[in-house]
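Right, one structure below, let's go through it.
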């Protein structure tokens, strides 16, 4: 192969990677705003500044594009969680840090919650077909299980805690509040998204989760 052919091939690959990243970012915003049913490939192409045919070339159809967006969304939150280095912390600090991170991440990334809402309306059929999603999420549960076992052995955590159930509680206590704050604020006549209300909610979640795992 000529020497100049290798750089040319590498540049084409970089162009392809950039195009796919741009399409995924545009698709994420479109799906988050309109849901899977309301999203339009024409608008995604316009947002990305590409020809619609290029989207079909890389992703085949809207369902596969949505699955790729979901996989990217999970990859991002799991990558951020790995940066926490939870195993280097004391068990009680690790659990508290995971609670705080989950709340802060959901607050900073409302599009993630919107994507999950859309996928739940689809009965998770895209994630069911995604081996990548399962592979990305299972290490978190293993890490949390190790933290719980360390806490049990040192006497600070009670035993018999299912790490999956615990994570569902951590995520759910944040997810429900943030996904439903408009209706909750309306029916109870109280703005649940003021800085004070958000801080109170985070404190409440930490107290609930730590109150469950701590032995005393």
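In degrees, nearest 10, range 0 to 90: what is the angle between the Cα axis of helix 5-38 and the longest Cα principal axis of the chain? Helix 5-38 sits roughly 60 degrees off the main axis of the chain. Cα convex hull, segment 123-183: 115 Å³ per residue, rounded to a whole number.
Each of 196, 52 was scored by other Cβ atoms within 10 Å of its Cβ. Arranged with the fewest first, they read 196, 52.
A protection proxy built from the mean count of other Cβ atoms within 10 Å ranks the segments 84-97, 65-78, most packed first, as 65-78, 84-97. Any idea what % of Cα-Cα pairs in the chain are farther than 22 Å? Tail of P(r) above 22 Å: 60 percent of Cα pairs. Annotation: the residues 100, 200, sorted from fewest to most other C-beta atoms within 10 Å of their own C-beta, follow the order 200, 100.
Laboratory data are not the source of any read-out in this text; all were calculated from the coordinates shown. Since this is a predicted model, take the numbers as computed values, not measurements. Don't worry about glycine lacking a Cβ; one is built from the backbone with ideal geometry, like all the others, and counts go over all protein chains shown.
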